[in-house]
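Read the figures in this text as sums done on the coordinates, not as results from a lab. All of these numbers come straight from a predicted model, not from anything done at the bench. Neighbour counts are summed over all protein chains in view; Cβ atoms, including those assigned to glycine, are modelled from backbone coordinates with ideal geometry.
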Amino acid sequence: VPIVDTDEVFPAVYVDDFEVDGDVTKAVWSKAKSLPQFRPPRSPDPIPYLSDVRIVYSKTAFYVGATLWQDMSKMHCKWDQRDQPVWGDDNLEMFLYLPSDKGNRLYQYVINPLGIVADICEGNRAYWTRGMKVKARRFPDRWTFEWKFPFAGIPVERPVAGDYFGVRFCRTVHEPKRGVGTVPVLQQSGHGQRGRFAKLLFMKPEGPDAAKMIAEGEAYRT
């Protein structure tokens, strides 16, 4: 189990698999809770760019959906192909701390407003998440995306209700006023730190098929 050194919990609710198209207004996202706003290291005040980031999961994958507000006429984007250094653009980064057959590993995922992504494992830029899908949309005052991460493609064992990953999100906006913030909030600068993760907690399924889904997950684990 990854070490998580904060009390913050980012719940992921159970849903059926769905196609990602960048539309974060679809009903599936209304089931999820928005994460806290991004804040700079050691600061009580959020960065001057609002965000709405949500997480859901299915029996095969987890999904991140986001609305990220900023003046898109000042968008800072240089890179337009996968695994280029998009962390130098306006971006959202997600760090995962996950168990594997080789011990806990640090994964880094980055997306820019063009929907261009990079995925890195333990500093290896040649790492490739199989089956990952993403779609972004841009508007005058914001950009949105939906991002699918198949468990088998990372790879990581399919979680069951009550399991958790270590997770941290970071956001960078360059113009008109540079803002760099994280959730949970870092105590010092440096996005790649292996400390300060929240629990990405996989919640129990709810609804008429909940008992079946819970039993199926437990059977899968055993």
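Points worth noting:
- Between the Cα long axis of helix 210-221 and the first principal axis of the chain there is an angle of about 90°, rounded to the nearest 10.
- In percent, rounded to a whole number, the relative contact order of the chain is 28, using alpha-carbon pairs under 8 Å and six or more apart.
- Residue (of MET203, TYR127, VAL28) at the positive-pole extreme of the chain, dipole from beta-carbon charges: TYR127
- Over 32 Å apart at the Cα level, from the set LYS78/LYS204; LYS74/LYS135; LYS33/LYS133; LYS74/LYS204; LYS74/LYS148; LYS133/LYS199, are LYS78/LYS204; LYS74/LYS204.
- For the stretch 141-178, the list of trypsin sites (Lys or Arg not before Pro) that fall in a loop by DSSP and count at most 16 other C-beta atoms within 10 angstrom reads LYS177, ARG178.
- The chain - mean residue ellipticity at 222 nm from DSSP helices (-39,500 (n - 2.57) per run, n ≥ 4, rounded to 500): -1500 deg cm²/dmol
- Between the stretch 48-68 and the stretch 21-38, the C-alpha centres lie 6 angstrom from each other.
- GluC sites (Glu not before Pro) restricted to the stretch 100-181 and DSSP loop, no more than 16 other C-beta within 10 Å: GLU122, GLU157
- For the chain, a crude dipole built from +1 on the beta carbon of Lys and Arg and -1 on the beta carbon of Asp and Glu, taken about the Cα centre, is about 320 debye to the nearest 20.
- Taken over the Cα atoms of the chain, the convex hull encloses 117 Å³ per residue.
- Placing +1 on the Cβ of every Lys and Arg and -1 on the Cβ of every Asp and Glu, with nothing else charged, gives the stretch 52-112 a dipole about its Cα centre of roughly 260 debye.
- Taken about its Cα centre, the stretch 80-207 carries a charge dipole of about 140 debye when Lys and Arg each add +1 at the Cβ and Asp and Glu each add -1 at the Cβ.
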